[in-house]
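A.B. asks: Pasting a structure here, questions to come.
Nothing in this text is a laboratory measurement; each read-out follows from the coordinates by a stated rule. These figures come from a predicted structure and were not determined experimentally. Every residue, glycine among them, receives a Cβ derived from its backbone with ideal geometry; neighbour counts consider all protein chains shown.
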Amino acid sequence: MAAVVESDPDRCGSEEEGRGNDTEEENIQPPGPIVAPQNRLVKLPLSRIKALMKADPDVSLASQESVFIIAKATELFVEMIAKDALVYAQQGKRKTLQRKDLDNAIEAIDEFAFLEGTLD
């Protein structure tokens, strides 16, 4: 994937214009686009996902694309099961998820049938 870098209108003109008393060290920018944490495409650390994938003896190589897809799928799965478990927590007038909420979500929702008995 190619990164698109937008020009910064504040950086037009000479570096000295409007800089005032800034030191040279403060003006140094790291190479490449700066990505804020809330703008990341995945929240899980890709290096750990790759290490977990490579822990499987059947996996010898893992491309960055496959690591990204696994990370994104994992995030979506965790989000989905957490939202479904939250329904059971709210029925119990709680804001904190408990194991019994996950158990209830796993038992009630057919998509989670493969997880039955895993939390025992």
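A.B. asks: By how many nm would the segment from residue 82 to residue 55 grow when fully extended, if each residue of separation counts as 0.36 nm and the alpha-carbon distance is taken off? Spell out each step's value before the answer.
C.D. replies: Details: separation 27, 0.36 × 27 = 9.72 nm, distance 2.63 nm.
So the chain would gain 7.1 nm between residue 82 and residue 55.
A.B. asks: To the nearest 0.05, what FRET efficiency results for residue 115 and residue 64 with a Förster distance of 30 Å applied to their C-beta separation? Mind showing how you got there, number by number?
C.D. replies: On the way: r = 28 Å, r/R0 = 0.95.
The value I calculate is 0.60.
A.B. asks: Same structure again: Which ³J(HN,Hα) values in Hz, rounded to whole numbers, follow from the phi angles of the range 51-59 under the Karplus curve 6.51 cos²θ - 1.76 cosθ + 1.60, where θ = phi - 60° and Gly and Pro get x?
C.D. replies: My calculation for the range 51-59 gives 5, 5, 5, 6, 5, 6, x, 7, 9 Hz in order.
A.B. asks: Lysines near residue 43 by alpha-carbon distance under 28 Å, same-chain residues fewer than 8 away left out - which ones?
C.D. replies: 54, 72, 83, 95, 100
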